[in-house]
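Below is one structure, written out as structure tokens; the observations come after it.
Derivation of every value follows stated rules applied to the coordinates shown; laboratory data play no part. As the structure is a prediction and not an experimental result, all values here were calculated from the model. Every residue, glycine as well, gets a Cβ built from its backbone with ideal geometry; the counts of neighbours run over all protein chains shown.
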Amino acid sequence: MDVESGICQGNEDSGPSESGIKIPDRMLKREQDRLEDVERKKEAKNSQSVTEEKSGFFTATFGSERATIEELLEGCSGATDRALATQTLEKVTTKTQLLQKFLNDSMVFLPQYELRQAQAALQKLQNSLAEKRDEILPKKKFAFRSRAANIPKVDPPAPPVTPKDSGRTKVDGAISPPEQCGFSHFEAQVLTKSGEQIKQQDVLLTHLTNCKVRLLGSPSTVHIKHVQNCEIFSGPVSSSVFVDHCTGSTLSFPCQQLRTHHTTDTQVYLHVTSRAIIEDCQGVRFAPFAWSYPGLDQDFKVSGLDRERNNWNQVDDFNWLALGTQSPNWSVIPETERRTEWDS
């Protein structure tokens, strides 16, 4: 028996032949697997290159926009033209909101470290914007007390009306000057803003105790600072909600981003399209957003939030770096303990 006929007879499972010699199927399969592995590695390399290219574009664009915003804010310092300064602040607000959207849209491909760096930088910009507003527009911000009480311009001026003496109309009108929408320094009050009053403005809620706050509309940004034993419910927030020094409260809102600092024993009913972030917090518990009111659907459209995307239970704790281990500073509210009645 010659070699060629011996090969043919000894390999019944052989595949196609080359030069009259049939190749065993197992060898063909091995070669096919090798080619597929080479192709997978090639695709992974290409994918990595695309991701790096996108990341590089994000870094350059984010840094450029950030520098522009910082330059605009710096130009507001020492400004003597109040109208021009106000116009510049509004421009900064718009640019900051667009930068927030750019970051949210880029989250799918950004490395975790770069994402956190960008979120921290954006928060710093938003805090600087809020501080610059307080610096440039302090008089109008606090002038409501004299106007609300109809106090004549005498020297010395009469004492301002305190929140406890204010009626409901004065409560709503008293602390809503054009430059700042919100409520400040109230105790044991029911405080409400309608959609017409909010109109995509930044909302500031500060120094509130035992209050019930209802924001029936779509704010641009919400700042919640120094609140104790309060209920604060808001319609869809186009960009971010910032919570700082909040204790024993219940919060409920949809938003693009949540940043929470120095907060304890607080429940958050949340719809968030990115990931919630906590820092220096304890006893914060989360559940899905469930509050409703007439006009909520329209406010979602105004906000631009994706109703189908809710990462309410994806929380990053900047004080807990142990990967794979649940942070002790936040938890999920068990379904049996979640709030079902919202108007009481």
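Modelled spin labels at F109 and E90, positioned 7 Å past Cα toward Cβ, are 3.6 nm from each other. Sparsely packed loop sites in the range 240-341 (the GluC sites (Glu not before Pro) outside DSSP H, G, I, E and B with at most 16 other Cβ atoms within 10 Å) comprise E308, E341. Provide the FRET efficiency to the nearest 0.05 for the N310-A60 pair, computing r from the beta carbons and using R0 = 30 Å. Once rounded, the FRET efficiency stands at 0.45.
Which value, in debye to the nearest 20, gives the size of the charge dipole of the range 27-136 about its Cα centre, when Lys and Arg are +1 and Asp and Glu are -1 at the Cβ? Write out the running numbers ahead of the final one.
Numbers: 17 positive and 19 negative charges, 62 e Å.
The dipole magnitude comes to about 300 debye.
With a Förster radius of 45 Å applied to the beta-carbon distance between R30 and L98, the computed FRET efficiency rounds to 0.25.
The C-alpha atoms of the range 182-337 occupy a region whose extents along the principal axes are 45, 36, 29 Å, arranged from largest to smallest.
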